[in-house]
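The values are calculated or read from the model by the stated rules, or taken from the named source; none is laboratory data. Just so it is clear, the model here is predicted, and its values are computed rather than measured. Quick reminder, even Gly has a Cβ in these numbers, built from the backbone with ideal geometry, and neighbours come from all protein chains shown. Accessible surface is based on the protein model in full, side chains and every heavy atom, while ligands, DNA and RNA are left aside. Shrake-Rupley method; radii C 1.70, N 1.55, O 1.52, S 1.80 Å.
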Amino acid sequence: MTTGAPPPSARKRSRARSLAPLGIAAWLVLEVWLLILVAGAAGGFTVLALLVGGAVLGAAVIKRAGRRAFRTLTETLQQQQAGAVPAQDAGSTGNGFLMLGGVLLMIPGLLSDAAGLLLLLPPVRAWAGRYAERSLDRRVKAAVAGSFGGAFQQARMHRPDGKVVQGEVIRDETARQSRPYGDDDPRPPLTR
């Protein structure tokens with residue numbers, strides 16, 4: 001079945017996606033170089049203590065943020081069940097960035113520890129949240145019309161032979177009322 005729409009053109013990879021592997025490799029090399037530099041200056045035991053301390057602190061931060069997020073979710077659900085409109089608590093925002101800071105602390109390396117410690121500061125988390133929200137708003141506004149909505153208009157038919165046929169769903173309500181299943185045959189039983 002064809003829909004009359006032109007086939008999607010191959011999109012060009014963005015610059016960020018092309019440079020991401022190079023950036024990750026440079027970050028790893030810099031992390032190892034900093035660890036060697038600190039180990040030479042302060043000793044291997046100091047580096048080990050820093051890495052273990054970062055992992056323990058990161059685990060504690062993730063645990064605390066997870067508990068806070070669960071408590072906020074529970075309170076919101078209880079307020080909704082009671083019929084009240086849940087109030088937006090300013091202290092509950094930033095759990096995602098707090099958890100990200102914990103994960104960065106758990107990753108071995110001094111740069112990731114520094115970034116994780118920065119994300120533990122409330123002003124930095126607030127700035128990162130505002131930046132992420134603005135960036136998401138820009139991307140949503142710049143999206144091509146029909147690019148995301150078209151995904152909801154398509155369906156996949158699974159044929160008995162295992163082939164998948166993509167098509168577009170078109171509903172005719174008058175025909176649907178006269179035939180409850182849309183076919184002349186009754187609907188087959190559901191099987192697993």
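Here are some notes:
- E75 of a type outside the set (A, V, I, L, M, F, W, C) and exposed (fewer than 15 other Cβ atoms within 10 Å of the Cβ): yes
- Out of V103, V38, V52, V56, one residue alone is more than 26 Å from the chain's Cα centre (by Cα), closer than 28 Å to A128 by Cβ and either open to solvent by 60 Å² or more (accessible area, probe 1.4 Å) or modelled with pLDDT under 90 (or both). It is V52.
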